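The values are calculated or read from the model by the stated rules, or taken from the named source; none is laboratory data. Treat the numbers as computed from the prediction; the structure is a model and nothing was measured. Here the Cβ positions follow ideal geometry from the backbone for every residue, glycine too, while neighbour counts run over all protein chains shown.
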Amino acid sequence: MMRIFRPFYRWLSRSLANQLLFTYVLLITFALGIVTFWALYTMKSEKIDDLRNSMEVAAVHLALEIDNDLGLDSEAATRRIQSATDRHANRFNFGITVVSTEGHVIADSGPKALHEGTNIRGDQEINDALAGIAAMNIRPSRRTQTNWMYVAYPVRSVGHTAGVIRVGVPLTEINQRLNRDLIIFLEIIFATLIITVMISLWLARRLTKPLTDMTQSARQIAKSGDISVFVPVQRNDEIGDLGLSFNQMIGRLREEERARQEFIANASHELKTPTMAIGSVVEALLSGAVEDPDLRYQFLHSLENLVERQSNLLKDLLDIAKLDGGVEMEWKNEVPLHEICQIAVEQVRPQASKRKVELSNGTAVDGVVLSGNAIQLQRAIVNLLTNAINHTPAGGAVTLSASSVEPERVEIIISDTGSGIDPADLPHIFDRFYRGDKARTRTAGGTGLGLAITREIIARHHGSIDVESTPGQGSRFSIKLPAQVTVVAN
Ligand SMILES: Nc1ncnc2c1ncn2[C@@H]1O[C@H](COP(=O)(O)OP(=O)(O)O)[C@@H](O)[C@H]1O
Ligand SMILES: [Mg+2]
């Protein structure tokens, strides 16, 4: 049983359009079915009423013509009754029988007319009419064996019943008329269904066309990675919304793709410059052009710088790749804030003393624990400290401080008394590869990735980073992070 429905079910579940179509057709068929049923039912009883009325008219007409002859019992009278009966039967297209008060047939119409004198008192309607009541009966006809409807009327003459006029009609005729109506109805239903199917097909297509378009675009992107397509959005409804979101998603993908390409171009460019410089220094050394030991030492020294720059750049690129999700990292370790501040300061102390910059650690965060990755957080603080030291002239000061600001939040501040940042640069310093004072910072060995990496690390820890700077007076970087403050056990 279920197997029969399976192909239909598959057709139905294959497309939204099919489901809509099916729903429409089902609803319309149901509605039309009810209307037809109701209409046929009312029409049938109306038809029967009509028929009874005309049967009564025929009987009344005939009665008026024969009521005088009915009591006469002469051959001439009987002939007159017979001819009137035939006339009325032909005119109205009914079968008509006239019966005496004893139930004997006086006259009968039709090709298989009952013989005069046949007693048909046994017919229920005749019996009732002889008792003075108009009666209706539906039963098989004596002559044709098919169902007929009979109506019998008593004929009154001067106060008593003088006979009975019975009018009959085959039920097949009623049914035939009803069938004709039914066929017309079925034709209307069929035509309506065809129109419904066409309209709902059109509606369903209109609804699902943008969906199939979108699916096609998505498939195209999935297959070829080509994100040059937008789907047309011409609607204000939910489907229009979907199209809009779809296009927004594509827009976002394009943006990311562009950023990725830009990043690769920048990275290659940054790698190319020192690599070519290394090439020419090595070439000069190999060709034996540098005989002077002092000069040769200088060459080798610059080679060392170039290689260091290269390795710094590679380290930063690797970090970015890691942060962009290329490598799995643990982000949920318990990190004691005081400890990582200490390590970060010790790490940059040699640089600070080399540049004669005073470095101080004013952290007051014993017992504060962050949730995250210690190495990465350390890295973020070191980046900020290194920048501060690099942009502060000899004699200046760089300070690290950290404290709990809100119940579950700490602030880490790295401030310096250095050059400060040009307001024009300020909005860009967190961008990848962005360097403020190109010439100077380049010689300082910066990659332009430090702040980008720092911001990414802080974001991964659900924190925020801000900067304030006054050119000529110094800069102040502030990191805010969620933290737990635990009581230190002594
Ligand atoms: N403490 C600071 N003082 C002045 N300028 C700074 C400071 N920190 C960052 N900058 C500016 O922001 C730019 C970007 O910093 P960063 O991303 O660390 O790159 P890099 O240090 O490699 O130049 C620097 O080139 C510099 O112009
Ligand atoms: Mg830096």
Exercise. Scan region 159-184 residue by residue and report those that are surrounded by fewer than 19 Cβ atoms within 10 Å (Cβ to Cβ), of a type in the set (Val, Ile, Thr) and closer than 28 Å to Ala39 by Cα.
Key: Thr172, Ile174, Ile183, Ile184
Exercise. Out of Ser224, Ser228, Ser217, Ser280, report the one residue that is over 41 Å from the mean Cα position of the chain (by Cα) and of a type outside the set (Lys, Arg).
Key: Ser280
Quiz item: Which one is surrounded by the fewest Cβ atoms within 10 Å (Cβ to Cβ) among residues in region 412-426 that are more than 9 Å from ligand 1 (Cβ to nearest atom) and at pLDDT 95 or above?
Solution: Ile413
Quiz item: Just one of the numbered conditions (1) modelled with pLDDT of 85 or more; (2) at positive phi; (3) of a type outside the set (S, T, N, Q) is not true of Ile194; which one?
Solution: (2)
Exercise. Report, by residue number, each residue of region 233-245 that is surrounded by 13 or more Cβ atoms within 10 Å (Cβ to Cβ) and more than 12 Å from the chain's Cα centre (by Cα).
Key: Val233, Arg235, Leu244
Quiz item: Residue check: is Thr386 under 26 Å from Asp316 (Cα atoms) and within 16 Å of ligand 2 (Cβ to nearest atom)?
Solution: yes
Exercise. State all residues of region 12-55 that are among the charged types (D, E, K, R), farther than 23 Å from Ile183 by Cα and surrounded by fewer than 15 Cβ atoms within 10 Å (Cβ to Cβ); if no residue qualifies, say none.
Key: Arg14
Self-check item: region 363-400 - residue that is β-branched (Val, Ile, Thr) and within 15 Å of ligand 1 (Cβ to nearest atom) and, of those, nearest to Tyr434 (Cα to Cα)
Solution: Thr386
Quiz item: Quick check, is Ser224 among the hydroxyl-bearing types (Ser, Thr, Tyr) and either more than 22 Å from Thr29 (Cβ to Cβ) or loosely packed, with under 12 Cβ neighbours inside 10 Å (or both)?
Solution: yes
Self-check item: Breaking point among (1) loosely packed, with under 14 Cβ neighbours inside 10 Å; (2) assigned to a helix (DSSP H, G or I); (3) more than 60 Å from the chain's Cα centre (by Cα); (4) in contact (Cβ under 8 Å) with a residue 24 or more places away in the chain, for Leu295
Solution: (4)
Quiz prompt | Some residue of region 223-234 being of a type outside the set (Val, Ile, Thr) and part of a helix (DSSP H, G or I) | solution = yes
Quiz prompt | Filtered residues of region 370-383 (kept if more than 10 Å from ligand 2 (Cβ to nearest atom), in contact with a helix residue (DSSP H, G or I) (Cβ under 6 Å, 6 or more places away or on another chain), among the aliphatic types (A, V, I, L, M) and outside any strand (DSSP E or B)) | solution = Ala374, Leu377, Ala380, Ile381
